[in-house]
Number of protein chains: 4
Amino acid sequence: MSKIPVGVLGATGTVGQRFVQLLAEHPWFEVAAVTGSDRTIGRPYGEGVNWMMPGDVPQRTAELIVQPTSLELDLPGDPPVVFSALPTAEAKEWEPRFAAAGYAVVTNTSVFRMDPTVPLLIPEINPDHTALIPAQRAEKGWPGFIVASPNCSTTSAILPLKIFQEAFGVEAVILTTMQAISGAGYPGVSSLDIHDNVVPYIGGEDEKLQNEPTKLLGAVRDGRLLAADIAISAQANRVPVVDGHLASVSVRLGRRASAEEAIAALRAWRPPAVVAQLPSSPRELLIYRPEPDRPQPRRDRDAGDGLAWTVGKVRQCPVLDVRYMALTHNTLRGAASGALLNAELLLVQGYIGGNRERSPNGHHQTAAGR
Amino acid sequence: MSKIPVGVLGATGTVGQRFVQLLAEHPWFEVAAVTGSDRTIGRPYGEGVNWMMPGDVPQRTAELIVQPTSLELDLPGDPPVVFSALPTAEAKEWEPRFAAAGYAVVTNTSVFRMDPTVPLLIPEINPDHTALIPAQRAEKGWPGFIVASPNCSTTSAILPLKIFQEAFGVEAVILTTMQAISGAGYPGVSSLDIHDNVVPYIGGEDEKLQNEPTKLLGAVRDGRLLAADIAISAQANRVPVVDGHLASVSVRLGRRASAEEAIAALRAWRPPAVVAQLPSSPRELLIYRPEPDRPQPRRDRDAGDGLAWTVGKVRQCPVLDVRYMALTHNTLRGAASGALLNAELLLVQGYIGGNRERSPNGHHQTAAGR
Amino acid sequence: MSKIPVGVLGATGTVGQRFVQLLAEHPWFEVAAVTGSDRTIGRPYGEGVNWMMPGDVPQRTAELIVQPTSLELDLPGDPPVVFSALPTAEAKEWEPRFAAAGYAVVTNTSVFRMDPTVPLLIPEINPDHTALIPAQRAEKGWPGFIVASPNCSTTSAILPLKIFQEAFGVEAVILTTMQAISGAGYPGVSSLDIHDNVVPYIGGEDEKLQNEPTKLLGAVRDGRLLAADIAISAQANRVPVVDGHLASVSVRLGRRASAEEAIAALRAWRPPAVVAQLPSSPRELLIYRPEPDRPQPRRDRDAGDGLAWTVGKVRQCPVLDVRYMALTHNTLRGAASGALLNAELLLVQGYIGGNRERSPNGHHQTAAGR
Amino acid sequence: MSKIPVGVLGATGTVGQRFVQLLAEHPWFEVAAVTGSDRTIGRPYGEGVNWMMPGDVPQRTAELIVQPTSLELDLPGDPPVVFSALPTAEAKEWEPRFAAAGYAVVTNTSVFRMDPTVPLLIPEINPDHTALIPAQRAEKGWPGFIVASPNCSTTSAILPLKIFQEAFGVEAVILTTMQAISGAGYPGVSSLDIHDNVVPYIGGEDEKLQNEPTKLLGAVRDGRLLAADIAISAQANRVPVVDGHLASVSVRLGRRASAEEAIAALRAWRPPAVVAQLPSSPRELLIYRPEPDRPQPRRDRDAGDGLAWTVGKVRQCPVLDVRYMALTHNTLRGAASGALLNAELLLVQGYIGGNRERSPNGHHQTAAGR
């Protein structure tokens, strides 16, 4: 079975590089086109990019000529697929144009996250939200569509909330994050700002933390999103850590539960069945650590190849109901890997990869299209 | 005017060194005796100490011979005064023995903080709590007494709570701290634990954060402490910062108030009148910073010579009522300087420094000397 | 005695801010004009600047309107004086134009450092190099002149070299520096480049380290500079430290000397007599630390208000003759404070501050002009 | 084919843990016995150890009971093999006792490194030095023997020296290292010592850096070591980096060579033929990076699974002949992995693993098992 050729929009930035790195080894997708900044257009990707990932630029992508972001990428596919790591202003312009031109746009940008017809997606949390896609197409008049992944800080806190929501209901959340410098891209945070320091501000992040979970934890009924009715109060902080976002969270539950019940719920939880078909989803998705001093960014961020949630310090909250600490790798689970998982879900659900046959080793396949 | 000679118990540790450094320049007190660990006993302080403070060991203290901690210090004074920076086990043994022998023990240790007859004291917050001293003497049968200063992390969050309590009442508090490595003393935190990392655990700290404020914000009536009825939920974290404890705090008020009212209360607050007589209390005690990215440990910890609170990000909390960030220097305001301020208060209030008269400008004078 | 009004060119950058901060308290100079980037022109300095220094913007400077860099500053003085912290390209254009217009240009930039007629100056090292000024004026046809201060990394290593040169002669130097992030200005070094890392590259720095000392340690004879005949090999590294440049240096001496003799030379050295008249030069200029683990950036950078050299680990070099470690504060001694000292020297020597009288407290004064 | 059972002495420390982690996946060896500190003796390794490595304790080792270090380990093998990560004092006592009892002691400790009969070994550099083993046995009267691996800082600089020695001769070396905190073990360096700081001192390290290379680069003739005649001058520094030792090196060659020739020599060099048979030796042993800003600890330490040397900045030295920067991972190449490679070499050369046959593809096989 041949791989699906995809485009990476904004492939020379740090998230774009991560897409290129992850796609180099991906069983289903391969990079067929890259777009980049003016400085890099027309040069081989391997020469134009200021490669920040471990190891070397993947050989095949290195030889691709960087193109301007435009509809002339002329990718094959039914629909053709692009991953977007564009800067915000360009995402705002180009993502709808690609969708209007029939592309499936799998984006890591924030522009359309809160659009009620755009699925804000973590396959292990709300895979059914792709049911918004037909409504999106109808409302926007697009043959293609956009699916978004949440902000990296939202991601770090969300899985335990999902589990508590299912088990007990969730009414209110107060959280304080400690976020890594890589979340700001490159050059991103000046070393003079963050060395020996904490900065209690990340532009727009408190709002994202307060809004995105209500959508992620919401329900889709009849093609419409019903946001979860949860009050959220957030304070995002930048700390001098390279990778790994840590969240300190207090939750008021729908019905009272002890710390032991909360821990039992975490341990008992199993992801939706479709997750078993996603090659990038880790074997152990939620790692509960009973030690009093975990999770820690440096020691836990790489768990599950950077795709697991590590959760600890689950205990009673003397003001609300339960407290916990949760950690994810912000540039893997929280960004490029998360978006890649979204594409895997779209393929399994038949939204992309039309006219493909099932692979013999079973991972999946579309029968005919949708 | 001669200065009051004082002893420093545990003078070779980091907090002890800070006492020595601060007392070298103090207008009212001077170091007359130092006690230390076995390794250093019998040697001049300047040789025995592994000096970690900026600059050199103060000349006069450097020449003092380190003594074992014992009642044979034989300090003059009415009562004689010792500052305690002893390790916990030794504090437990020696602080009561000194009080029983008639000493005023001004301690930075945690052992007796929650004893209902021991004032847990920040002069700018609850100077009237020294009214517990007679009850303490009566109950313990001590001619001397102990006064304690709170944990450095409690300190960072407390001043805005006090102000909100006075203005609106405070019912519940959820806080997450980001604490500096110097809070653990020396050698303290291993660099392998904290470099490029956050550790969501400091032994006993969550409990201190949940208990101490109820005492600090309590009332003393008829020589008895009435703890404040406030539910507190705390998560203490260690971050890779040298100095400066930062607290992220959400508060449920007694009566609803807007962010603007909360800010106005902070700006309008004035410390108790007695504070004007304390030479170490900074001119500007509470610095409200309107920028969205303050306070920051490295940029704000030295405000007011490390004795000011810097507060910012005061805003509505979507779950409780208001949120804020507050910062203090943990080894100055949060430790040695705080205890020194307690001694200044005791002198102004007449609990120590018998036979001395007040100077007209509010600073002190001995009548005759001793 | 009134202070001399001066201009600060490029006053909104980090070095320019340091000039503004230091000049606010200076006994001889005061800021009368500031120039800045397009973004800030026309606004009060206190509003336009992104202030990075400790404390607040000095009140008087805060009210000055930021001007474009031009000859219309119209400063008084004989000659008028400007401190330059301009970006390189602007320094190249404007410093000669100010000199041609009669200004004394005291610059911290690198553009004219190696011009043979421009004194490269550290008052405590080569105060006699101002004798190049008349030649500079003659050769360039300028009524004014330029004096430069060396690169901050050159500065860290230079004082022991000077002393060894005087005592034994110096033939060759091999050095490796470990330089602080503040040396790159703001935003300067990306935190993603330097966190948990060392970068063995600072653009142009190896060359400066190899060239500037030969000029600083050279002689001025008959108005001409004779560079010192010293071979220098340098490797500059950036390390994750906020402030303080540390140099590891091996030296081949003109005549063999033991480590003890080298240490004795350091201890015996006294700065040139004129230094006693410079208010910013620290009481103790060279601090020799005998401990095996000093100097250290965080513990020694603030010695002498950031203007002292701390030197240690002087010992025999098994390949050349002696080794040592030396440290200075890169933004104080190595940048703004160093340039300010140059201006103090110029005033004492009569190159600036014409028509001034001696101050009663003696620090100096020009009689009539030069 | 069964694996060779080995013991790990001092298995609960950081180097010991690294041995356990690496051996869990090793094709030839498996851990059959672990010794540890008093605190851990008698408990399952997985419970007693404070595991600092990534991931979990390897299952099989986790179940081993920690034993006291003694000859009663009773390991099989011809000879039986132990890896030593003992503390220095214990290594001094126990390593000779194990050798005297017939064991092959593969040590990472420093105690016997400079013993003229103990091979100081890096298989890719001086595999022929195992020829000292018969002399060692004869001289000490041991049926077993000790082989040592060099200090982690020596390791970082050594490979280019070896190559230059072969190509041009090496007469003198001046080096300055920047070493990671993990080199000091756990708890090791206090965060208060190294945060925002550089410490120009690591106990005994300068001496090791000055001595060990003369042995590593020496020759073995007739069972005797002839040390290389190279003068070395070293300054070791600790920097705030988790892993990766970086060395800045200047070299006087035996015959003059240009930077281009030096680079060509690095590129042309091939390791000794025996290296092809060592499963842990990386495919690309020496990575020459032409960029001006490499090698960097965070970006290059993991090259070749932490076993490659990354070298860059090769250029002319204005004082000696050539300069370069070199980096290795200090706990992998510089410690546990290096010692493991030594054991692989011993097996290939027949010093351990008696009664085993070589596999045709260069990997090993036991003939019968044991």
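Every number here is computed from the coordinates shown, using simple stated rules; none is lab data. Computed from a predicted model, the values in this text were never measured in an experiment. Glycine also receives a Cβ, built like all others from the backbone with ideal geometry; neighbour counts cover every protein chain displayed.
Some points to look at:
- Ascending count of other beta-carbon atoms within 10 Å, so fewest first, for C:PHE112, D:PHE98: C:PHE112, D:PHE98
- Taking the Cα centre of segment A:152-328 as reference, the dipole from Cβ charges on Lys and Arg (+1) and Asp and Glu (-1) amounts to some 420 debye.
- Averaged over peptide C:290-297, the number of partner chain Cβ atoms lying within 10 Å of each residue's Cβ comes to 4.
- Dipole of segment C:152-329, positive end: most advanced residue of C:LEU266, C:TYR186, C:LEU217 [Cβ charges, Cα centre]: C:LEU266
- Here is how far apart the B:PRO187 label points are across copies: 0.7, 3.8, 3.8 nm, shortest first, using a point 7 Å from Cα toward Cβ.
- Bridge type composition, segment D:124-268 - antiparallel percent by DSSP, nearest 5: 60 percent
- Segment B:268-313 and segment B:10-67: distance between their alpha carbon centers, rounded to Å: 28 Å
- Counting every other Cβ atom within 10 Å of each residue's Cβ, B:THR14, C:THR177 order from fewest to most as B:THR14, C:THR177.
- Separation of segment D:122-163 from segment B:116-163 is 65 Å, based on Cα centroids.
- Around the amide H of D:VAL241, modelled in the peptide plane, lie the amide H atoms of D:ILE181, all under 5 Å away and 5 or more residues distant in sequence or on another chain.
- Result for chain C in a Gaussian network model with C-alpha springs under 10 Å: among C:VAL241, C:VAL118, C:VAL15, the largest mean-square fluctuation is at C:VAL241.
- Global form of segment A:152-328, assessed from the alpha-carbon gyration tensor, a/c cut-off 1.5: rounded
- Nearest-first distances (nm) between copies at D:ASP128, label 7 Å from Cα via Cβ: 5.8, 7.4, 9.0
- With neighbours defined as other Cβ atoms within 10 Å of a residue's Cβ, the residues A:GLU205, D:GLU47 order from fewest to most as D:GLU47, A:GLU205.
- Look at the stretch B:281-287: the mean tally of other chain Cβ atoms within 10 Å of its residues' Cβ atoms is 0.
- Think of each Lys and Arg Cβ as +1 and each Asp and Glu Cβ as -1; about the Cα centre, that makes the dipole of segment D:92-201 roughly 320 debye.
- For the segment A:318-329, counting C-beta atoms of other chains within 10 Å of every residue's C-beta and taking the mean gives 4.
- The charge dipole of chain A, taken about its Cα centre with unit charges on the Cβ of Lys, Arg, Asp and Glu (plus for the first two, minus for the last two), comes to roughly 700 debye.
- The DSSP beta bridges internal to the protein assembly as shown are antiparallel in roughly 45% of cases.
- For chain D, calculated [θ]222 nm from helices alone, where every DSSP H run of n ≥ 4 adds -39500 (n - 2.57): -7500 deg cm²/dmol
- For the axis carrying chain A to chain B: nearest C-beta residue of A, whole Å: A:THR176, 2
- Comparing mean-square fluctuations of B:VAL199, B:VAL319, B:VAL34 from a GNM of chain B with C-alpha springs under 10 Å, the top value falls on B:VAL319.
- Backbone amide hydrogens, once placed in the peptide plane, bring A:ALA234 within less than 5 Å of A:LEU175, excluding anything fewer than 5 places away on its chain.
- Computed lengthening from B:ASP305 to B:LEU226, 0.36 nm per intervening residue step minus Cα-Cα distance: 25.2 nm
- Taking amide H atoms as placed 1.01 Å from N in the peptide plane, the amide H of C:LEU226 lies under 5 Å from those of C:ALA219, C:VAL220, C:ARG221, each 5 or more residues away in sequence or on another chain.
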